[in-house]
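The values are calculated or read from the model by the stated rules, or taken from the named source; none is laboratory data. Small disclaimer: the values here were computed from a predicted structure and weren't measured. Because the Cβ atoms are built from the backbone with ideal geometry, glycine has one as well, and the counts that use them run over all protein chains shown. Calculation scope for accessible area: heavy atoms of the full protein, side chains included, ligands and nucleic acids excluded. Shrake-Rupley method; radii C 1.70, N 1.55, O 1.52, S 1.80 Å.
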Amino acid sequence: MWCDNCLLVLPLRAGAIAWAVVIAAYSLAGVGPSDEDVSPSNICDTQEWFIYGGIGVGVCAVACINAITLSNRSLVWARVCHFLWPFIIVICGVRAIFMIWELNRGKDKIIWECQNGGQLWNTTPEAGYDNTARFPDGICGPGWQSLFTAFIISILVDLAFQMYMFFLNWRFMKRLMRYTEMKGPYGNYYRA
């Protein structure tokens, strides 16, 4: 016996589309802070900042494909998304571990920057920085531990959202597969 509404916060199809749009929106918006306000040198020493952003764009792309799949009721694309979501979730989990490790490793730099009026760590005009480059005040206000805790919680919420989207996609795919097997009172009524 199937439970069509188990663990559903919203109606299956419309709720899954809304959930995919939310994931796509915050994944794409999360790529934006890689500009000069939050310089990659504040947290990361290498070009991994672009890898993190690329993964965010990948999550956004899969969520958009999933939203289009749900709106078109496509079994083929639902299976494609069902294949892609586990890889995305594992990659995002590994990304989360590296991001937490990098943030913890750069803790001393961030604390130093906050204690010195937002002056960036190890910035000189010879390195290509001007004297106006400052660490954002919004990061220094709540304190290091609050920032670190909020960062970890947001990463865990992101992974939970993606796992729930995987569940919704699986649930919708199973509903489509079951729909093609239905038989009406006058024979094979529901099959195309």
Report the extension gain between residue 47 and residue 98 in nm, rounded to one decimal, defined as 0.36 nm multiplied by the number of residues separating them, less their alpha carbon distance. 17.1 nm
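Listed highest first by mean packing, meaning other Cβ atoms within 10 Å per residue, what order do 93-105, 70-82 come in? Please report the intermediate quantities before stating the final value.
Values: 93-105: 14.6, 70-82: 16.5.
Packing order, densest peptide first, comes out as 70-82, 93-105.
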Run the simple label-point estimate for residue 68 and residue 12 please: 7 Å along Cα→C-beta, distance reported in nm. 2.3
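Multiply the residue gap between residue 89 and residue 61 by 0.36 nm, knock off their C-alpha separation, and tell me the result in nm, one decimal place.
8.7 nm
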Label-reachable residues, segment 67-109, where backbone N falls under 15 Å from a point 7 Å from residue 153's Cα toward its Cβ: none
Excluding ligands and nucleic acids, what accessible area in Å² is computed for residue 161 using a 1.4 Å probe, to the nearest 10? 60
